[in-house]
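The structure under discussion appears below in the form of structure tokens.
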Amino acid sequence: MAQLKATLTFAKKLAEAGVIKGVSSQGLNKALFPLSKYLKYGLLSDDLMKENELIKEALRRLPADVYQERQYRLARAINLSSGKSVLPESEWTKPEQDVSYLKPFIEQVVNEQKEREDWNAGRFQ
């Protein structure tokens, strides 16, 4: 997963720099999206984030229904993986469904941490 993200990031930078002509970063996302194995398990990219203190706090702030949906997707993926199977193709995650539900909460936690650091350092605004 990390390699795929690194490849996508690098390819996007090349497209934005004009090294890869006629390809937009959105086009690259769409072209490489089917290569992601997590789609076959019905997962979203945010479901795969490694849990650290920042992510744990962002998860704690999720609305209950969003958190339960995440837990369901993870449990279903573990069950499918242990049975060496995947979802029927009609149930795979589609590119337009893979939205970052956790990003706003991560940004909120990061901003609060920065504000706390600024306050403790005597930088008031």
Worksheet item: At GLN97 and ARG123, where each label point lies 7 Å from the Cα along Cα→Cβ, what is the point-to-point distance in nanometres?
Response: 4.3
Worksheet item: In whole angstrom, how far apart do the alpha carbon centroids of the stretch 44-62 and the stretch 98-125 sit?
Response: 15
Worksheet entry | By average C-beta atoms within 10 angstrom, highest first, the peptides 39-46, 116-123 | 39-46, 116-123
Item to complete: Run the dipole for the stretch 38-125 about the Cα centre, Lys and Arg Cβ at +1, Asp and Glu Cβ at -1, nothing else charged, and hand back the magnitude in debye, nearest 20.
Response: 260
Worksheet item: If each of GLU16 and TYR72 carries a label point 7 Å out from its Cα toward its Cβ, how far apart are those two points in nm?
Response: 3.6
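The numbers here are math on the coordinates, done by the rules we state, and not lab data. What you see is a predicted model; the values in this text were computed from it and never measured. All Cβ positions, glycine included, derive from the backbone under ideal geometry; neighbour counts span all protein chains shown.
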